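Okay, structure first, notes after.
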Amino acid sequence: MASDEMVRFWWDRWRSFFRLQRGYEGRIYSSWRQRAAKRLRDLFHEIRNKGAPHPWIRDDLWDQLVEFWRQEDFKKLKEVNKQNRASSTGGSLH
């Protein structure tokens, strides 16, 4: 998970390209945060499946990611999430 400082940095950077109407910044921030999290999650899913880092990922960080993805805890969580997505009972269905 990204630190609050990092999220704030990217929010401020993104926001600098727009003029937001007063009173809507909270809702826009919430929507931006959800979309940014999904895009980052999808990007890491893609690079994990390809097995090759994007140019912006340093070699030492790539090595840490690969090691994290090899851990049993991650594999178990991945399997649980896969089963949850395939389930047609309980929770919210999309």
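Computed from the coordinates by the stated procedures, all read-outs in this text should not be read as laboratory data. Quick caveat: nothing in here was measured; it's all calculated off a predicted structure. Cβ: placed from backbone, ideal geometry, glycine included. Neighbour counts: every protein chain shown.
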(message) What does the C-alpha gyration tensor say about the overall shape of the chain? Classify as rounded when a/c is under 1.5, otherwise prolate if a/b is larger than b/c, or oblate.
(response) oblate
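Tell me, which longest segment in the chain has none of the trypsin sites (Lys or Arg not before Pro) that fall in DSSP loops with at most 15 further Cβ atoms within 10 Å?
Working: sites that count: Arg19, Arg22, Arg58.
Result, exposed sites excluded: 59-94.
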(message) Given a Förster distance of 25 Å, report the FRET efficiency between Asn84 and Gln34 from their Cβ-Cβ distance, rounded to the nearest 0.05.
(response) 0.85
(request) Find which of Tyr24, Ala86, Ala36 sits farthest along the positive direction of the dipole of the chain, computed with +1 on the beta-carbon of Lys and Arg, -1 on that of Asp and Glu, about the Cα centre. (result) Tyr24
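Let me know the shape class of the range 1-52, please: from the alpha-carbon gyration tensor, a ≥ b ≥ c as square roots of the eigenvalues, rounded when a/c is under 1.5, otherwise prolate if a/b is greater than b/c, or oblate. Present the calculation step by step, with values, prior to reporting the outcome.
Details: a/c = 2.71, a/b = 2.37, b/c = 1.14.
Prolate, since a/c reaches 1.5 and a/b exceeds b/c.
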(request) Would you kindly state how much longer the chain becomes between Lys76 and Arg41 on full extension, computed as 0.36 nm times their sequence separation minus their alpha carbon distance, in nm to one decimal? (result) 10.8 nm
(message) With just the Cα atoms defining each centre, how far is the range 8-35 from the range 50-82? Give it in Å.
(response) 29 Å
